[in-house]
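We did not get these values from a lab; they are worked out from the coordinates using the rules stated. Nothing here was measured: the structure is a model prediction, and the numbers come from that model. Counting neighbours? That spans all protein chains shown, and the Cβs are built from the backbone with ideal geometry, glycine included.
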Ligand SMILES: NC(=O)c1ccc[n+]([C@@H]2O[C@H](COP(=O)([O-])OP(=O)(O)OC[C@H]3O[C@@H](n4cnc5c(N)ncnc54)[C@H](OP(=O)(O)O)[C@@H]3O)[C@@H](O)[C@H]2O)c1
């Protein structure tokens, strides 16, 4: 039996869809059913359920708010992932949890590999980096999967923000000095599962293939939906945000691709599928 935590988020929702399609048994929990910051509740919950894999999709993802909510951010992104690893070890289940490209400072100008050392620029990324370390120390049957710029149908994300802005504005300015890779949560779930099935535990990078600035991503979305307005390039310095972001944080996913023996699809194809899905839901 597979336990998903944070199952109502973008990634959790797509894991659920994939498991349903494949007829794989799972238990989906979000905050209401199982608060991952309460290790005793987690211990109690997993009892007698024959769980052989825990996938932690829960997280604190408000990068700017984390600057003032350090404690809850660390609880969710560092200590709870470690506690889940401890419980997974106690019951002999495999374990997967997620981290971020934001653990890097962006000084490198070529894709970041698992060998590169972390240098977080914000509270959110410090907490994620701490979580990675704690999990890998706590349990050797863990997967720690770093990803970037996640979008999916189950939550708000940059694609949806751009679409909303486009409804009320004729001119948009989007930064072109933050570069990484948009990643479709469905692909993140799908390729994670392929990785988990190999039982080659450890630290991995998993993003859709390609590279994009926020400007490139917005341009692709806006052209795809046929927006008639003007899109301008902006700079991060034009917007004052509490958390610092790296200029470049593209992840190199080739370690994972070698292990699963497959190339990951492009971010553009992910956005195409995302837009089709929200169109079917009547959002476009
Ligand atoms: N989103 C990104 O751009 C991005 C980028 C890099 C890495 N990641 C990482 O990728 C993973 C998946 O992200 P995502 O975008 O799918 O996240 P998401 O959509 O924000 O989903 C997170 C889920 O966790 C739930 N949650 C919050 N606190 C909880 C608690 N104490 N116990 C149980 N569940 C709780 C949330 O519920 P509520 O909504 O009710 O709070 C939400 O349903 C995360 O580890 C994230 O940090 C995401």
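Numbers at a glance
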read-out: Filtered residue count, region 15-26, keeping only those that are in contact (Cβ under 8 Å) with a residue 12 or more places away in the chain and farther than 24 Å from residue 78 by Cβ; value: 7
read-out: Top-ranked residue in region 1-19 [being more than 14 Å from the ligand (Cβ to nearest atom) and outside any helix (DSSP H, G or I); ranked as nearest to residue 274 (Cα to Cα)]; value: 2
read-out: Condition broken by residue 44, with the remaining ones in (1) within 12 Å of the ligand (Cβ to nearest atom); (2) under 21 Å from residue 94 (Cβ atoms); (3) part of a helix (DSSP H, G or I) satisfied; value: (1)
read-out: Answer residue from region 215-251, given it is in contact with a strand residue (DSSP E or B) (Cβ under 6 Å, 6 or more places away or on another chain) and closer than 22 Å to residue 117 by Cβ and is surrounded by the fewest Cβ atoms within 10 Å (Cβ to Cβ) among those; value: 248
read-out: Selection status of residue 78, buried (at least 16 other Cβ atoms within 10 Å of the Cβ), under 26 Å from residue 158 (Cβ atoms), within 7 Å of the ligand (Cβ to nearest atom) and touching a residue at least 40 places away in the same chain (Cβ under 8 Å); value: no
read-out: So residue 70, is it away from the ligand (no atom under 13 Å from the Cβ) and within 22 Å of the chain's Cα centre (by Cα); value: yes
read-out: Restricting region 90-111 to residues that are in contact with a helix residue (DSSP H, G or I) (Cβ under 7 Å, 6 or more places away or on another chain) and in a helix (DSSP H, G or I), the residue that is farthest from the ligand (Cβ to nearest atom); value: 91
read-out: Count - residues of region 229-277 that are in a loop (DSSP other than H, G, I, E, B), touching a residue at least 12 places away in the same chain (Cβ under 8 Å) and over 25 Å from residue 125 (Cβ atoms); value: 4
read-out: Complete set of residues in region 150-176 that are away from the ligand (no atom under 11 Å from the Cβ) and in contact with a strand residue (DSSP E or B) (Cβ under 8 Å, 6 or more places away or on another chain); value: 160, 162, 165, 166, 170, 171, 172, 173, 174, 175, 176
read-out: Per-region count, region 144-177, residues part of a loop (DSSP other than H, G, I, E, B), under 28 Å from residue 18 (Cβ atoms) and touching a helix residue (DSSP H, G or I) at 6+ places or on another chain (Cβ under 8 Å); value: 7
read-out: Tally of residues being more than 9 Å from the ligand (Cβ to nearest atom), part of a loop (DSSP other than H, G, I, E, B) and exposed (fewer than 13 other Cβ atoms within 10 Å of the Cβ) across region 20-41; value: 3
